[in-house]
Amino acid sequence: MAHDDKSLIVMKFGGTSVGSAERMENVASLIKEHSRQAGVVVVVSAMGGVTDMLIRAATEASRGNREAWRDVRQELARRHREAADKTLSPAEQALVLPRLAEQMINFENLCSGFSLVREVTPRAMDTLSSLGEVMSATLLAAILRSMGCPAEAVDATEVIVTDEKFGNASPLFEESVEKTTSRLLPLVERGQIPVVTGFRGATRDGLCTTLGRGGSDYSATLVGAALKADEIWIWTDVDGVMTADPRLVPNAQIIPEISYQEAIELSFFGAKVLHPKTIQPVVKRGIPVWIKNTFNPSCAGTKIVPSCTRNGRPGLKAVTSVSKTQLITLSGRNTLTFAHLAAKAFDALGLEGVETLMVTQSSADNVLCFAVHQADLARVKAHLEQVFELELLHDQRASIEIMPHVAIVVAIGENMKGTPGIAGRAFSALGRKGINIIAIAQGASEISISFAVKASEVKDAVQAIHEEFQL
Ligand code: ADP
Ligand code: ASP
Ligand code: MG
């Protein structure tokens, strides 16, 4: 939406980009520069490492380990205080230091409570784990003001309305649109820069929730879609979306343009550069999402668009992987038809809200195999044992088997549709490296092919596919 015929850009900054006083100043300069040409709304993550520290403190507190959370308190206070000392004018310091101190008191009260009751509920964890965003937004807004840019920190609990699934809440879009526009647009219209806390939201009753780890990307597209922004820029610590995770494949290349669907697949299958739900809010309006590097701002980055026109080259675009997964193999044998076996299993998974990463079947034998995140395994197994109790009792050949230490490698590309031989080449490439494929799945949409391999071979497998297709 244009404001005084200026375009509106929502810019999100990740943890590394605001990890220190120097990084925060660098980010503030970028915002200042771009706010000359466009209306800018900022969404910010906690300083790098802070969310992990908060979660660790809560866990230690719930075990009664007072010393551990007190250490975290010291470290949090030191890092934010140092950033404030180095970057803020005396007037801004006078304003901001009491606010940061207030957050430290919140931290202390919450951790004391967890220590006393020896428990931390998901609801209380959300309030604590997202305090880092409250502190970083307070600081960044003050740095901008110190640089002469009118800015105001906004707590996302005022604008993003969610359901009550603490720890991984889903936004209620219509209500969020209403609150976001009525809170943020007047600021933008007055020429101010709202600096919104990423990651957090609130239920209709005002209880703090979070959108899942890495959720600030999602906050940015929610705010962007609500405000009908012209573009959303996700600033991070790499030059864009790359052909593979640069930590696994050092010569991974930047992809100049990818489609929404490719980005959705990539993020679902482990590419940490985007939260898996990031693209959802922008699909309806087709808002372009850019991935850019705060360490290298002159690099154009990656543009994520509704569908790709450029780079119509057939074949793969990227390869990604999900580690820490386990394969579950259900054998119904004589007791159930395959359809019954699958229906019962997926009903159970659905009720538990478990995500499956790949599914294969062997129906002659009534065998269903699927991969789940390791973190979900215990409850999936317990639930399946309960659901299939009778079958397991009456049919000695029926079984639930678990294969641990598995990784899923996924090759992605919209242009793979109708290109013969891709699966074959991938098989051969893995075979040449002596990597055994445990299971394979390719959907009819042909946008991705998934291979389950041993967790210890994931890096070699990703590299082999990257090399074979010269990504
Ligand atoms: P931020 O704190 O900015 O949100 P993240 O650490 O969440 O940043 O995401 C960026 C990281 O994602 C990169 O540093 C990189 O290691 C990792 N990553 C994994 N897969 C990819 C990929 N295909 N392209 C780019 N980065 C990737
Ligand atoms: N700070 C949160 C996290 O570390 C959210 C984010 O960085 O996107 O998960
Ligand atoms: Mg992230």
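The values are calculated or read from the model by the stated rules, or taken from the named source; none is laboratory data. If you're wondering where the values come from, they're calculated on a predicted model, not measured in any experiment. All Cβ positions, glycine included, derive from the backbone under ideal geometry; neighbour counts span all protein chains shown.
Only one entry in THR210, THR197, THR203 is surrounded by 18 or more Cβ atoms within 10 Å (Cβ to Cβ) and within 13 Å of the chain's Cα centre (by Cα), namely THR210. The lone criterion from (1) in a helix (DSSP H, G or I); (2) surrounded by 15 or more Cβ atoms within 10 Å (Cβ to Cβ) left unmet by VAL10 is number (1).
For first residues located in the stretch 337-358 and closer than 19 Å to ALA382 by Cβ, partners that are exposed (fewer than 15 other Cβ atoms within 10 Å of the Cβ) and lie 6+ apart or on another chain with Cβ distances below 7 Å form the pairs GLU352/ARG379.
Being β-branched (Val, Ile, Thr) and within 13 Å of ligand 1 (Cβ to nearest atom) holds for only one residue in VAL273, VAL283, and it is VAL273. When we screen VAL238, VAL195, VAL282 for residues that are in contact with a strand residue (DSSP E or B) (Cβ under 8 Å, 6 or more places away or on another chain), within 16 Å of ligand 3 (Cβ to nearest atom) and modelled with pLDDT of 95 or more, the only hit is VAL238.
Answer yes or no as to whether ALA263 is within 13 Å of ligand 1 (Cβ to nearest atom), crowded, with 20+ Cβ neighbours inside 10 Å, under 18 Å from SER323 (Cβ atoms) and modelled with pLDDT of 95 or more. When the stated conditions are applied, ALA263 does not pass them.
Rundown of residues vs (1) in contact with a helix residue (DSSP H, G or I) (Cβ under 8 Å, 6 or more places away or on another chain); (2) more than 11 Å from ligand 1 (Cβ to nearest atom), yes/no style:
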| position | (1), (2) |
| --- | --- |
| PHE199 | yes, no |
| VAL223 | yes, yes |
| ILE232 | yes, yes |
| THR236 | yes, no |
| ARG247 | no, no |
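How many of the residues making up the stretch 2-50 are away from ligand 2 (no atom under 15 Å from the Cβ) and on the phi > 0 side of the Ramachandran plot? Counting residues in the stretch 2-50 that are away from ligand 2 (no atom under 15 Å from the Cβ) and on the phi > 0 side of the Ramachandran plot gives 2.
Scan the stretch 47-88 for residues that are in a loop (DSSP other than H, G, I, E, B), under 25 Å from the mean Cα position of the chain (by Cα) and among the hydrophobic types (A, V, I, L, M, F, W, C) and the total you get is 1. Consider the stretch 328-383 and keep the residues that are of a type outside the set (A, V, I, L, M) and touching a Phe, Trp or Tyr at 6+ places or on another chain (Cβ under 8 Å). The one that is nearest to ILE408 (Cα to Cα) is THR356. Against the definition (under 30 Å from ASN251 (Cα atoms) and either in contact with a His (Cβ under 6 Å, 6 or more places away or on another chain) or surrounded by 17 or more Cβ atoms within 10 Å (Cβ to Cβ) (or both)), how does VAL372 come out, yes or no? Criteria met by VAL372.
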